[in-house]
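The values are calculated or read from the model by the stated rules, or taken from the named source; none is laboratory data. Nothing here was measured: the structure is a model prediction, and the numbers come from that model. FYI the Cβ positions are ideal-geometry reconstructions off the backbone, even for glycines, and counts take in every protein chain you see. These area figures cover heavy atoms from the full protein model, side chains too; ligands, DNA and RNA do not enter into them. Shrake-Rupley method; radii C 1.70, N 1.55, O 1.52, S 1.80 Å.
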Amino acid sequence: MAASTLAEVAKLAGVSPATASRVLNGSARTPGAGIAERVRQAAESLGYVANAQAQALAKSSTGLIGLIVHDIADPYFSAIARGVQSAARQERRMVLLATTDGTPAGEKEAAAAFAARRADAIVIAGSRSTRAEDSAANGELAAELERYCRNGGRLGVVGQGIIGLPETEGYRTLPVPNEELARGLAAELAAAHTGPFVIVAGPDGLATSDERVRGFQRGLAEAGREPAEVLHTAFSRNGGFDAGTQLAGRPGDRGGRPCIFAGNDVMAIGIVAALRERGLSVPGEAAVAGFDDIEWLRDFRPELSTVGLPLEEIGRRVTLGALSDLPAEDDAASGITGTVRLRRSTETA
């Protein structure tokens, strides 16, 4: 059976098609309550389904939020995505998802696609890259997002601001205190561990990883300890496994039991797996700590020391902040904090 048309609804309700459209497609200009109710009853009796594109034109809104993450399979990003979805549901919007493998070129492509679909807001969760090879792509991403905001789009970014993107109306950044939290973790670990420290970090130039490395080294220095050795690898579980294999293959007695700080929890999981494969125990022969407190850790043994971040709340706040008309300092996107959580993986006895 053919779908009912707006003209048929208007005829049954005894109004013009323009009036029927204003009622059913969400225009701010609506007729009186009696007329509106008559149109809705006519639409219901005919089984009319409103056209989403027509609603978007009438309201200057598509009801869509574009979410850009590095890897939705990573529990860090999936937790943030849950928070974005929660805020979108609260604001009666739908979420479109794009993954980019962590490249600014991929983010630019996704942002352009969301802008072309007239998304009300774009949310970006992922580290910035300061590597020279990403310079051109950073510029293209900034230009794309500047056009989007200039044309009325809203932008929310988790962590560091978009490189090269000036302050623009509708653009909000939700900072994450990576450096200060890593500093606090180092201070607590340094108070309990006498052996050497090793940092397993992401690629040099990955801003989130770099912030955590700086903070951890700072905490060690303030505790009067030598700087940690830094190993750079992929910012992933497999990267952690590769680094763990390298560490496990070293000769023993290199200054005592090492304490290994991984730049994120999935790297820490990979490190522990590699050490176990080589017959080394955690925390018996090496202490291991991570960062983020992802959901996977609920079933991981030994319980992993880490820095807890409210990941779902971060997703919720950055989304509400992007949609808010309040000044940045007053909106829902302020006040993110984290907590150092020492557990079994770094116990000393």
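Would you work out what percent of the accessible area of the chain, with all protein chains in place, is carbon or sulfur (probe 1.4 Å)?
The C+S portion of the solvent-accessible surface of the chain is 49 percent.
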Whole-number percent relative contact order across the stretch 67-175, with pairs defined as alpha carbons under 8 Å at least 6 apart = 25
task = Work out from phi, with θ = phi - 60° and the Karplus expression 6.51 cos²θ - 1.76 cosθ + 1.60, the ³J(HN,Hα) of each residue of the stretch 259-271, listed in order in whole Hz, and give x for Gly and Pro.
result = 10, 9, 9, 9, x, 8, 5, 5, 5, 4, 4, x, 4
message = For a quick check, take a GNM of the chain with Cα springs below 10 Å and name the residue from 141, 46, 189 with the largest mean-square fluctuation.
response = 46
query = GNM, the chain, Cα, under 10 Å: largest mean-square fluctuation among 144, 222, 37?
reply = 37
key: Probe 1.4 Å, protein heavy atoms only - accessible area per residue of the chain in square angstrom   = 47
task = Counting helices only, and only those DSSP H runs with n ≥ 4, report the 222 nm mean residue ellipticity of the chain as the sum of -39,500 (n - 2.57) divided by its residues, in deg cm²/dmol to the nearest 500.
result = -13500 deg cm²/dmol
key: Mean Cα-pair separation over length for the chain, i.e. relative contact order, pairs under 8 Å, 6 or more apart, %   = 15
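For residue 169 and residue 285 in one chain, what is 0.36 nm times their gap in residues minus the Cα-Cα distance, to one decimal in nm? The partial results should precede the final answer.
Values: separation 116, 0.36 × 116 = 41.76 nm, distance 5.30 nm.
This chain segment gains 36.5 nm when fully extended.
Rounded to the nearest 20 Debye, what is the dipole magnitude of the chain about its Cα centre when Lys and Arg each give +1 and Asp and Glu each give -1 at the C-beta?
1000
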